[in-house]
Ligand code: ADP
C-alpha cells in the first residue's frame, strides 16, 4: 500500500501539539507493516539546521492556484523507513511560528495544492492520501477536482483525521475563488458552505472517502452539539464512513527504564528510581521533600476544556488533605493567576509553573504520584498515557480518549489503571481524587499494582496502525 500522509506539523522536525506526535509515530508504524509511506509538510523557518543538513533537493516547479502562479521547492529526507518531503516557499513559510498569521488560509491552501501536485512531479501514485485537521482539509477537496487531470491520482482515495474539532478553518465566502481557487459550485451545503461562510473541515468531511478521529469515544461524542462545535449535523450525516482510532505512544522513546531526561531510571521490577525522581522534583520546585505525601500534577494548556474550572472550584478543599500540587502550563489568564496565588497561599505545598517546558514535564511525569485530567472534552489526550507509562496514576473524567485509555480501578479484582468520574462536576472530581489518595495512603500494595499495570500497559502504535490500514484497505478495494 502506498500512503501519502499530509500534516502541517511533524515531530521531531517541528511541533506545537499532539498532531505532530501522531504524524511522527503513525507513518513509521505503517512503514514497519510493509507499506510505502511518505510524509509531507511545509519547510518552516523553524525547522532547524540539524534536519536541513540531511535534506536533499528533489526539484522545483510552479503551479497555479487561483490567479497566482506559485513556486514550490521540494526537499526530501529519509528517516526510520519513511520518506519525508518538505515544501519550500519562503513567502509563506519563512516566518516566525507556524500559525496565527493573517493569511493562514492562503498559506495552507497553497500547501494543500502543492501536495496534490507532488505525485505527478515525482511520478508516484499513492493509493491513499491521508490529511489532518483544518490546515490540510483542502487536500481531499483538491484531490476530487484534480484527479481527472493528474493520472497518478486517478484512483487515489482519501482519509481525513480530526484531531480537534474546535479549529475548523472558517473563512469568509469571498475567499473561495480568489484564494482557494475553487469555483462557486463548491459552495454548497454538502461541501464548504456553512452559515454563509466557508468551512474547510466540513468540506473535508464530505469530500473524503473515510473520516477518522483520535479515539472511539470522541467519534461517538462528536454526534452531539455539546462536543461538535457546530459540526454535529455534518458528523451524523457522514457517520457511515467514520471511525475513532486511539492514538498510541512511542513506547521505546518513552521508557522510564532508559529515558535520559529523567533523574533516575526505573522499571516495574525496580521502582526505586521513581522515589529519587520524586525527591528531586520536590527539591526542584521548592516543595517539602517528603516521600509519604502524594504529589498531584497537571500538565496541559490552562484552558476551560481541560477542566480547570472544576479544579479551581474545589482547590482549597482538595488542599485540606495532606497532598502537594504541581501545575505546568500556560493559557487563560484567570487560571494562571489562580495558581500563582495558590502557590503563595500554600508555600512548600503548591508549585505553579506557568510556562512551556519539556524538561520539567519529564520531571513531573516521573516524579509525581497522580496526574489529574478532569477534561470537559479530550479528543485523545497523550498526557494520561505518558503519566501511566511513568508510573503516575491518572485521575480523569470519562470523556473522549480518557475513557478509552484509563479503565477504572476496581479494588475487588485489582484491575484498571486509574480513578475516574463521569459528570462535569467538581465534587465528583474531588471524590475521585480522595479515592486515589485513600489508596495511596492506606493500601500500598494496590497502589504499586496500579503503577505497574500502567507502566506495562501496551499503548504502542501497532494496534492503531493496523486499524488505519484496515480502513485504507477497505476504501481502496471499494
Ligand atoms: P493537547 O493536544 O490537547 O494539548 P495532549 O494531552 O494530547 O493535549 O498533548 C499535550 C502534550 O503537550 C503532552 O505531550 C504534554 O506533555 C505536553 N505539554 C502540555 N503543556 C505543556 C507544558 N506547559 N510544558 C511542557 N509540555 C507540555
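So that you can scan it fast, the table gives a plain yes or no per residue for (1) more than 24 Å from the chain's Cα centre (by Cα); (2) within 16 Å of the ligand (Cβ to nearest atom); (3) free of Cβ contacts under 8 Å to residues at least 60 places away in the same chain; (4) closer than 20 Å to residue 382 by Cβ:
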position	(1), (2), (3), (4)
30	no, no, no, yes
40	no, no, no, no
55	yes, no, yes, no
59	yes, no, no, no
68	yes, no, yes, no
77	no, no, yes, no
83	no, no, yes, no
94	yes, no, yes, no
Members of the range 274-294 that are in contact with a strand residue (DSSP E or B) (Cβ under 8 Å, 6 or more places away or on another chain) and either within 16 Å of the ligand (Cβ to nearest atom) or assigned to a helix (DSSP H, G or I) (or both): 278, 281, 282, 285
The range 171-190, subset under 28 Å from residue 475 (Cα atoms) and outside any helix (DSSP H, G or I), residue farthest from the ligand (Cβ to nearest atom): 183
Count - residues of the range 229-251 that are more than 16 Å from the ligand (Cβ to nearest atom) and either modelled with pLDDT under 95 or assigned to a helix (DSSP H, G or I) (or both): 9
Criterion (within 16 Å of the ligand (Cβ to nearest atom), surrounded by 15 or more Cβ atoms within 10 Å (Cβ to Cβ) and part of a loop (DSSP other than H, G, I, E, B)) met by exactly one of 376, 263, 327: 376
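Could you tell me which of the residues 214, 139, 159 is at pLDDT 95 or above and within 25 Å of residue 103 (Cα to Cα)?
When all the criteria are applied, what remains is 139.
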So residue 302, is it assigned by TED's automatic domain parsing to the domain that holds residue 426, under 19 Å from residue 383 (Cβ atoms), modelled with pLDDT of 95 or more and in contact with a helix residue (DSSP H, G or I) (Cβ under 7 Å, 6 or more places away or on another chain): yes
The listed residue being in the same structural domain as residue 166 (by TED's automatic domain parsing) and over 29 Å from residue 247 (Cβ atoms), out of 102, 110, 84: 102
Selected residue [part of a loop (DSSP other than H, G, I, E, B), in contact with a strand residue (DSSP E or B) (Cβ under 6 Å, 6 or more places away or on another chain), closer than 23 Å to residue 153 by Cβ and at pLDDT 95 or above] from 37, 58, 87, 10: 10
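Looking only at the range 396-430, how many residues end up being closer than 21 Å to residue 294 by Cα and surrounded by 19 or more Cβ atoms within 10 Å (Cβ to Cβ)? If you could, list the steps in order and put the result at the bottom.
Here is the first cut: in the range 396-430, the ones closer than 21 Å to residue 294 by Cα are 396-397, 406, 408-411, 414, 416-421, 426-430.
Next, from what is left, pick out any that are surrounded by 19 or more Cβ atoms within 10 Å (Cβ to Cβ): 396-397, 406, 409, 417-421, 426, 429-430.
Of the residues in the range 396-430, 12 are closer than 21 Å to residue 294 by Cα and surrounded by 19 or more Cβ atoms within 10 Å (Cβ to Cβ).
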Qualifying positions in the range 386-395 - crowded, with 24+ Cβ neighbours inside 10 Å and either within 8 Å of the ligand (Cβ to nearest atom) or part of a loop (DSSP other than H, G, I, E, B) (or both): 390, 391, 392
Count - residues of the range 305-324 that are in a helix (DSSP H, G or I), crowded, with 21+ Cβ neighbours inside 10 Å and within 16 Å of the ligand (Cβ to nearest atom): 3
Boolean, residue 220 is surrounded by fewer than 23 Cβ atoms within 10 Å (Cβ to Cβ), within 30 Å of residue 191 (Cα to Cα) and at pLDDT 95 or above: yes
Residues being part of a strand (DSSP E or B), over 25 Å from residue 254 (Cβ atoms) and within 12 Å of the ligand (Cβ to nearest atom) - total across the range 330-373: 1
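The values are calculated or read from the model by the stated rules, or taken from the named source; none is laboratory data. Since we're looking at a predicted model, the values are computed, not measured. Positions of Cβ are generated from backbone atoms using ideal geometry, with glycine treated the same way; all protein chains shown enter the neighbour counts.
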